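Encoded as structure tokens, the structure appears first; notes follow it.
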Amino acid sequence: MLGPVFDTLPSLIAVLDARGDIVAVNAAWRRFVTTAGSDDPAVGLRDNYLRVCASARASCVEAGQVEDGLRRILAGEAEGFDLEYRCETPGRPQWFHLQATRWPGRGPVRVVVSHTEITARALAEQALREADRRKDEFLVMLAHELRSPLAPLLNAARVVERSEALSDRGREAIAMVGRQARQLSRLVDDLLDLSRITRGKIALRRRPVDVVSAVRDAIGAAAAAAHARGHRIEADLPASPLHVDADPVRLAQMLGNLLDNACKYTPDGGRITISALGGPATVDIAVTDTGIGIDPAKLPGLFEIFHQIDTTLDRASGGLGIGLSVVRRLAEQHGGRVRAESAGAGRGTTFTLTMPRAAAADPALAPPAA
């Protein structure tokens, strides 16, 4: 059954019979058990793989999974299974990818169990997770450190703005300070929220929310930033309420980020349109601008953290590039999604936020009375 190729395979391989007894092992298996401290180069032969796994259940969760999987294969209930596990070997831990497969064809039942070492990949993934954890910790620390001086800065700007002794030039200057401080505050909030979302720390308080009212509120909140750039924001909304199942605070945040993004990346004097369209199960809220547009090839990475649409823009306009990432993650947390469309550079962009519709809140969708 087994030819000379069997011993040349790099994976650790054992062949089991219908009872789960090991009837053959390859050279890689024999080398591994010798390295692991065994003085028997044929270790494992004649052992019952199921009993070995059963005895290790208490100390190894994967051993129980392997035993259960093998029993299903031997009973004819499955053709195979696979899993990854960590193995404590002398000197260093190792990770393996285990695959168990029923031997095809006629003849006595045989099951092939192979163990392929994936230590390098597992260590790389572990390092990435650790780097990601440290990044989140840094973002939280950075956001808190930046937030501390913002409140007094904003309060001072408001106090100075009320001063009757200010010249027109001074009033313009302090207004600019206030706008930039508020923008910084928004960026800090995005940093904190992104970290919370990533760590699963944001709990949504969902209820039926009228999209028409939410959009009008978002337009009002964005009015100052739009006015400063000479933008015109237009609304194309239904005449009657249109409800989504959402956390009202987070919906306002998503709409605000989309409008803020449109204002940033639309040249002065542009037009921004926000519309809403209800479907049977979802509501689409679209924000369309006459801005710089996006190369269609760059659209897939647009919602990734720290991605910027155009890195040649001044950072004061471009921001940290995390606002769209926050929108995507909040939308997904609601069971919705967000997508971007653009015909290319200089041809504007449309961002469409799709949210689940709150059927019970809309009379047109409510179930008929009994």
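Overview of results
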{"read-out": "Area of Glu341 that stays accessible when all protein chains are in place (1.4 Å probe, Å², to 10)", "value": "100"}
{"read-out": "Where Asp289, Asp68 fall by accessible area, highest first, once all protein chains stay in place (1.4 Å)", "value": "Asp68, Asp289"}
{"read-out": "Extreme residue, positive dipole direction of the chain, given options Phe351, Ile118, Ala203 (C-beta unit charges)", "value": "Ala203"}
{"read-out": "Shape call, the stretch 33-164: gyration tensor on alpha carbons, a/c limit 1.5", "value": "prolate"}
{"read-out": "Dimensionless Rg ratio for the chain, taking C-alpha atoms and the 2.2 N^0.38 Å reference", "value": "1.46"}
{"read-out": "Mean Cα-pair separation over length for the chain, i.e. relative contact order, pairs under 8 Å, 6 or more apart, %", "value": "11"}
{"read-out": "Rh (Kirkwood; distinct C-alpha pairs) - the stretch 95-167, Å", "value": "18.6"}
{"read-out": "Rg ratio (alpha-carbon, reference 2.2 N^0.38 Å) - the stretch 131-263", "value": "1.27"}
{"read-out": "Qualifying trypsin sites (Lys or Arg not before Pro) in the stretch 134-172, DSSP loop, other Cβ atoms within 10 Å at most 15", "value": "Arg162"}
{"read-out": "Environment charge of Phe81, counting only residues whose C-beta is closer than 13 Å and scoring Lys/Arg +1, Asp/Glu -1", "value": "-4"}
{"read-out": "Accessible-area ranking of Thr290, Thr273, largest first, probe 1.4 Å", "value": "Thr290, Thr273"}
{"read-out": "Trypsin sites (Lys or Arg not before Pro) restricted to DSSP loop in the stretch 220-256 with at most 15 other C-beta within 10 Å", "value": "Arg229"}
{"read-out": "The stretch 42-118: proportion of alpha-carbon pairs further apart than 18 angstrom, %", "value": "45"}
{"read-out": "Cα-based shape type of the stretch 202-286, given that a ≥ b ≥ c are square roots of the gyration tensor eigenvalues and the cut on a/c is 1.5", "value": "prolate"}
{"read-out": "Exposure of His227 as accessible area (Å², to 10), given a probe of 1.4 Å and all protein chains", "value": "150"}
{"read-out": "Where His97, His144 fall by accessible area, highest first, once all protein chains stay in place (1.4 Å)", "value": "His144, His97"}
{"read-out": "Solvent-accessible area of Asp189 with every protein chain in place, 1.4 Å probe, in Å² to the nearest 10", "value": "60"}
{"read-out": "Counted charge near Ala331, where neighbours are those whose Cβ lies closer than 15 Å (Asp, Glu -1; Lys, Arg +1)", "value": "0"}
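The values are calculated or read from the model by the stated rules, or taken from the named source; none is laboratory data. Because the structure is a prediction, the values reported are computed rather than measured. Ideal geometry is used to build each Cβ from the backbone, glycine not excepted, and the neighbour counts take in all protein chains shown. Accessible surface is based on the protein model in full, side chains and every heavy atom, while ligands, DNA and RNA are left aside. Shrake-Rupley method; radii C 1.70, N 1.55, O 1.52, S 1.80 Å.
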